[in-house]
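The block underneath contains the structure these notes are about, expressed in structure tokens.
The values are calculated or read from the model by the stated rules, or taken from the named source; none is laboratory data. Treat the numbers as computed from the prediction; the structure is a model and nothing was measured. Cβ coordinates were reconstructed from backbone atoms using ideal geometry, including for glycine residues, and neighbour counts include every protein chain displayed. Side chains are part of the model used for accessible areas, which takes the heavy atoms of the whole protein and leaves out ligands, DNA and RNA. Shrake-Rupley method; radii C 1.70, N 1.55, O 1.52, S 1.80 Å.
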Amino acid sequence: RDTEDDEGNPVGQTPFVFAVELIARTTGALMAGDIPAVAGVKVSGLEADGVSAFNVLSQACAQTGWEFWVSDGKLNLAQEMGQDRTSSVLLRAGTNVTVKVLSTGDDELVNIVTAYGPGSGINRLVTVRRHEESIARYGPHPGRQEFPEASTLDDLIQAADGYLAEHAAPIPAYQVEVHYPYGTEPDFGCGDYVRVADPRSGIITRSRIAEEQRSYSTSGLKTTLYLG
């Protein structure tokens, strides 16, 4: 309520944004799809004044960790896009891919996490969890993380251990060019998880396709993938 009357009192109404408004604000043809009555995910503090539907959707996804994408004119929203194709897609340097860039930076490596539960002050839940195998291999990499959904110490320990399992090793990032004979290219796309093998470094890792570029020429299809 930002508008004031003649006496200086705030008047007006702060708008609430619902999913139906996101659809209503989106121009163009809409395709029917599955829209559940309740998604089970709550967001708050969205800035909806004078911004586009995509801006509001971006804020909501950034807050919840969900993802959205547009394919064939259709807006998709999911907890995570893509599929796990590690059992069917192996990208191997020297066989079906050319590795253009390889990065094994440890910027997001955390193997000692100070985990905080909801709330604040002296009664706030807190625990320190360690990933000993990662510490022995890479040295100590401390970090802190909040888990507002952890209502008990056991929940907090479980959430912290899950976080360490995902962050206790460097995540390699690749740019690769994929080479498959015409008609034999496996089905993969943005968001999918695949296996990448680099015989030179001995690294075999599960990596996610973050960006995909496809171009056609007289010699066939050229696919460039950005992974990690």
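Quick rundown of the values:
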| read-out | value |
| --- | --- |
| Size of electric dipole in the stretch 64-152: Cβ of Lys, Arg +1 and of Asp, Glu -1, about Cα centre, debye, nearest 20 | 160 debye |
| Extension reserve of the Asp161-Asp72 stretch, reckoned as 0.36 nm per residue once the Cα distance is removed | 28.1 nm |
| Sequence-distant lysines (8 or more away, or on other chains) whose Cα lies within less than 16 Å of Lys100 | Lys222 |
| Extent along principal axes [Cα atoms of the stretch 188-228; Å; largest to smallest] | 34, 24, 12 |
| Surface accessible to a 1.4 Å probe, per residue, for the residues of the stretch 64-193, Å² | 62 Å² |
| Rounded accessible area of Glu212 (nearest 10 Å², 1.4 Å probe) | 50 Å² |
| Amide proton proximity set for Arg92, modelled H, under 5 Å, gap of 5+ | Val97, Ala197 |
